[in-house]
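J.: My structure is below; once you've seen it, I'll send some questions.
The values are calculated or read from the model by the stated rules, or taken from the named source; none is laboratory data. Just so it is clear, the model here is predicted, and its values are computed rather than measured. Here the Cβ positions follow ideal geometry from the backbone for every residue, glycine too, while neighbour counts run over all protein chains shown. For the accessible areas, the whole protein counts, side chains as well, though only heavy atoms, and no ligand, DNA or RNA atoms are used. Shrake-Rupley method; radii C 1.70, N 1.55, O 1.52, S 1.80 Å.
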Amino acid sequence: MKNRNHLFFAIAALGCILIFDSCVQVKEYQKNKLNDADMVLSSRRSQKNELNFQTYREGSAGANGGKTGGGCGCN
Amino acid sequence: MKKLSLTVIGLYALFLHAFSQNSGLDTVIYKTKPLALEEINLVSSYYSQSGNHSAVTGGIGDEHVVDFANGLDLKFVGWDQNHNKHSILAGLGFDHHTSASSAYVSATGASKTGGTRIYPSLDWTVENDKGNTFGLGAYFSTEYNYQSFGLDVHFSKKINSNSEFNAKFSAYFDQVKLIYPSELIPKSSVVSSTPTYYTTASGRSYLSGGGGGDASGIPSSPRNTFTGSLSYAQVINTSLQASLMLDLVGQSGYLGLPFHRVYFNDGSDHIENLPSSRIKLPIGFRLNAFVSDQVVIRSYFRYYQDDWGIQSKTADFEISIKVSQFLSISPYYRYYTQTASKYFAPYKAHTAADAYYSSNYSLSELTSHFVGIGMHTAPPQGVMNNQHITSLDIRYGHYSQSTDLNSNIITFDFTFK
């Protein structure tokens, strides 16, 4: 399991380096696609309740813009 | 000469007039604009779940839940004299659920199965002309067995026109009502008149079985959550952007639920007992790409680890297809897998030697699949020809877990202007 996690992190780190390294300067007038509502770098508002039930039915939460505390004493 | 002088005077007057107009224009630009209602959002969801591993009955028993959740957000926007944009987001949520397992907080199955949660929230954000923001938020949630109060501070800074750094620090101060399974109330209890209160050896009073009545007399225990969230967003090229998110979450207090039973291998039953602290570390990565004029791929990956022994991985993909200028269809799929917490064991698997124990299957080893489809429409004449409804999102998803838990959720998201 530990070796698999190391591999996962190595691939993720390499992917991030490759992606961020390939950045080009984009002018404001070139951002029509980037400004599209589907390109927003966060969960959709309509996903809020999906994230809530996943938080209660699974053991992990966070790093998705959703809540990490508070909420309900669900069973 | 006279003509020339008159021309010069005329030109001077013209410039003077022109400048005086400019001066007036500046005053108009930087004039304070009071807060005005810009947008209203209404999000309503219907959630239905089935399963057979309820934690109330020690990892066995009906997990049927139905939840109807509604959230209304009002967004107000205004500008001050320094041309800073102020946004206030006022929210009010209202959920009502029925849960089959709640009946068995009482050993006889007579406890109430329904509950309502109300959660108002308020957020203020100020944005300067460089696009940097600062904000404060407050949140409150109340239901029969749980109260929560939260505060947060958040800011963002544009590093350049293509990258942005965000930080958010939040704190939640919760109170868990100590409603125990009826048979686990200490034997020395003294039964009072209806509603049934019990007094424990420590001298505190408890309402047994989570039944109806006023919960205000039931003692509660605190649960605090502190979160630091950092994120960095980067434009990669004209059709690709990504963000990296890191949360550090610390929890302390009563982290189990008092009405969750655990059956030991000797047949005895106990109240779930979990450590009073937990550290969570999730790292997320989001990558969105405009792959053609009609198709956007949204992807999300997360790695999570905590000190209770859970490691999880999440991969989420959504393909948004622009059917027309005002309509898009978005099929999506999410895969999730986690290892078990070291404190989890199924029904009758814990032993008396265990210091901490839980049979809550959200802490078990599991894999889940969530598949569904979304639709977004924003016609220029308004949704259903109503000019005030500017957009409508509908999402349906089916969720299945390797623990045999299955659920369906449908969400409607209306935007009014």
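J.: Which distance in nm do the two modelled labels at B:E365 and A:A37 give, with both placed 7 Å along the Cα-to-Cβ direction?
T.: 4.4
J.: Going by alpha carbons, how many degrees (0 to 90, nearest 10) lie between the helix axis of B:2-29 and the longest principal axis of chain B?
T.: 0
J.: Taking 0.36 nm per residue of sequence separation and subtracting the Cα-Cα distance, how much length would be gained by fully extending the chain between B:F76 and B:A171, in nm to one decimal? Kindly include the intermediate steps, with their values, before the conclusion.
T.: Working: separation 95, 0.36 × 95 = 34.20 nm, distance 2.47 nm.
Gain on stretching B:F76 to B:A171: 31.7 nm.
J.: Follow-up. Once you put a point 7 Å from the Cα of B:A352 and another 7 Å from the Cα of B:L136, both along the Cβ direction, what distance in nm separates them?
T.: With each label point 7 Å from Cα toward Cβ, the separation is 5.5 nm.
J.: Which value in Å is the Kirkwood Rh of segment B:217-358 over different Cα pairs?
T.: Values: mean 1/r = 0.0538 Å⁻¹.
Kirkwood radius, segment B:217-358: 18.6 Å.
J.: Using the structure shown, list the pairs from B:K112/B:K342; B:K112/B:K280; A:K31/B:K75; A:K33/B:K417; B:K280/B:K322; A:K48/B:K31 with a Cα-Cα distance above 30 Å, or answer none. Don't skip to the answer; put the middle values down first.
T.: Numbers: B:K112/B:K342 32 Å; B:K112/B:K280 33 Å; A:K31/B:K75 25 Å; A:K33/B:K417 24 Å; B:K280/B:K322 38 Å; A:K48/B:K31 37 Å.
The pairs that break the limit, which is 30 Å between Cα atoms, are B:K112/B:K342; B:K112/B:K280; B:K280/B:K322; A:K48/B:K31.
J.: Is there a simple number for the mean count of other chain Cβ atoms within 10 Å of the Cβ of residues in A:16-28, and what is it? Show your work: numbers first, answer last.
T.: Numbers: counts 5, 0, 0, 8, 6, 1, 3, 9, 6, 5, 9, 3, 2.
Partner-chain Cβ atoms within 10 Å, mean over residues of A:16-28: 4.
J.: Using a Gaussian network model on chain B with a 10 Å cutoff between Cα atoms, which of B:T351, B:T32, B:T238 fluctuates the most?
T.: B:T238
J.: Report the calculated FRET efficiency for B:D293 and A:Y29 (r = Cβ-Cβ distance, R0 = 22 Å), to the nearest 0.05. Don't jump to the answer; show the numbers that get you there.
T.: On the way: r = 18 Å, r/R0 = 0.80.
Between B:D293 and A:Y29 the formula returns 0.80.
J.: Now for a separate question. Can you tell which of B:S276, B:S328, B:S161 shows the greatest fluctuation in a Gaussian network model of chain B with Cα springs below 10 Å?
T.: B:S161
J.: Taking only protein heavy atoms and a 1.4 Å probe, what accessible area per residue, in Å², does segment B:259-314 have with all protein chains in place? All intermediate terms of the calculation are to be shown ahead of the outcome.
T.: Working: 2000 Å² over 56 residues.
With the other protein chains kept in place, segment B:259-314 gives 36 Å² per residue.
J.: Rank B:M245, B:M384, B:M375 by mean-square fluctuation in a GNM of chain B with C-alpha springs under 10 angstrom and give only the top-ranked residue.
T.: B:M384
J.: Which values, in whole Å and largest first, are the semi-axes of the equivalent ellipsoid of segment B:228-303 obtained as the square root of 5 times each eigenvalue of the Cα gyration tensor? Don't skip to the answer; put the middle values down first.
T.: Working: eigenvalues 380, 54, 12 Å².
Sorted largest first and rounded, they come to 44, 16, 8 Å.
J.: Within 10 Å of each Cβ in B:224-231, how many Cβ atoms from other chains are there, averaged over the peptide?
T.: Working: counts 1, 5, 2, 5, 1, 4, 1, 4.
Counting other chains' Cβ atoms within 10 Å and averaging over B:224-231 gives 3.
J.: Right, another one. In Å³ and rounded to a whole number, note down the convex hull volume per residue for the Cα atoms of segment B:34-82.
T.: Values: hull volume 5.1 nm³, N = 49.
Dividing the Cα hull volume of segment B:34-82 by its residues yields 105 Å³.
J.: How big a patch of accessible area, both sides summed and in Å² to the nearest 100, lies buried between B and A at a 1.4 Å probe? List each step's numbers first, then the result.
T.: Values: alone 22650 and 7380 Å², together 24110 Å².
For B against A, buried area totals roughly 5900 Å².
J.: Note every residue of segment B:116-151 with a reduction of at least 20 square angstrom in accessible area, all protein chains present versus the isolated chain, computed with a 1.4 Å probe, or write none.
T.: The answer is B:R117, B:Y119, B:Y139, B:E143, B:Y146 - residues whose exposure falls by at least 20 Å² when every protein chain is included.
J.: Along the charge dipole of segment B:256-399, Cβ charges K/R +1 and D/E -1, which of B:T337, B:Y263, B:T377 sits furthest on the positive end?
T.: Of the listed residues, the answer is B:T377.
J.: Pull up all non-local amide H partners of B:A55: gap of 5 or more, or a different chain, and H-to-H distance under 5 Å with H placed in the peptide plane.
T.: B:Y361
J.: Once the piece of chain linking B:V126 and B:Y232 is laid out straight, how much longer is it, given 0.36 nm per residue of separation minus the C-alpha distance between them? All intermediate terms of the calculation are to be shown ahead of the outcome.
T.: Numbers: separation 106, 0.36 × 106 = 38.16 nm, distance 1.95 nm.
Gain on extension, B:V126 to B:Y232, equals 36.2 nm.
J.: Turning to a different aspect of this structure: Could you give the length gained on full extension between B:L151 and B:V66, defined as 0.36 nm per residue of separation minus the Cα-Cα distance, in nm? Intermediate values should be presented prior to the final figure.
T.: On the way: separation 85, 0.36 × 85 = 30.60 nm, distance 2.94 nm.
Residue separation times 0.36 nm, minus the Cα-Cα distance, leaves 27.7 nm.
J.: Continuing with this model, one more query. Which residues' amide hydrogens lie under 5 Å from the amide hydrogen of B:Q241, considering only partners 5 or more residues apart or on another chain, with H built in the peptide plane?
T.: So B:Q241 has HN proximity to B:I236, B:N288.
J.: ³J(HN,Hα) across segment B:378-388 via Karplus (A = 6.51, B = -1.76, C = 1.60, θ = phi - 60°), whole Hz, x for Gly/Pro?
T.: Coupling constants for segment B:378-388: 9, x, x, 8, x, 5, 6, 6, 9, 4, 7 Hz.
J.: Can you give me the solvent accessible area of B:I40 with a 1.4 Å probe, rounded to the nearest 10 Å²?
T.: Surface open to solvent at B:I40 totals about 50 Å².
J.: Output wanted: per-residue J couplings in Hz (rounded whole) for segment A:16-31, from phi through Karplus 6.51 cos²θ - 1.76 cosθ + 1.60, θ = phi - 60°, x for Gly and Pro.
T.: 4, 4, 4, 5, 5, 6, 8, 5, 10, 6, 10, 6, 4, 6, 9, 9
J.: Kirkwood Rh over Cα pairs of chain B into Stokes-Einstein at 4 °C, 1.567 mPa s: D in µm²/s? Let's see the in-between values first.
T.: On the way: Rh = 25.5 Å.
Translational D for this selection: 51 µm²/s.
J.: Another question about this same structure. Using alpha carbons only, how many angstrom separate the centre of segment B:243-318 from the centre of segment B:360-412?
T.: 20
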